[in-house]
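Chemist: First the structure, which I've put down as structure tokens, then a few questions once you've had a look.
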Amino acid sequence: MTDIRPERAGGRFAVVIEAARADGSAPVHEPSEGDIVQRAWRGTVAVVRGLAGLDKYDRYVGHQLRTHPDEPLLTEAEFWRCAWESEGRNPRARCC
């Protein structure tokens, strides 16, 4: 049996995963420093991509596959061409 629950540790939330053993003891996975750094880096990259709008094509593909699976997808080049043309016609969130 696997028990997944949030644990409060050192001012941060961590997920503790315990698997029942025959002797009743439960191992706890402690992430290494490399795991923590790698996870933080991936999170930082994801946030920056989101803020810069670089994840728009990925979000478009996910949306299309979920809601319109029968329609063909635009290529990434076609998608960005349409997005930039639309932004040029209808400027919203930009400085100039």
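Residue-by-condition table, conditions (1) surrounded by fewer than 12 Cβ atoms within 10 Å (Cβ to Cβ); (2) in a helix (DSSP H, G or I):
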residue	(1), (2)
GLU78	yes, yes
ALA83	no, yes
GLU87	no, yes
ARG92	yes, no
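Chemist: Spot the failing condition for ALA9; the list is (1) at pLDDT below 65; (2) surrounded by 11 or more Cβ atoms within 10 Å (Cβ to Cβ), and only one is missed.
Modeler: It fails just one condition, (2).
Chemist: Just to be sure I understand the filter: pairs with C-beta atoms under 8 Å, separated by 6 or more residues or on different chains, first member in segment 49-66 and more than 14 Å from TRP84 (Cβ to Cβ), second member loosely packed, with under 13 Cβ neighbours inside 10 Å. Which pairs pass?
Modeler: So the pair list comes out as ASP55/ALA46; GLN64/GLU71.
The values are calculated or read from the model by the stated rules, or taken from the named source; none is laboratory data. Because the structure is a prediction, the values reported are computed rather than measured. Cβ sites come from the backbone with ideal geometry, for glycine too, and all protein chains shown count toward neighbours.
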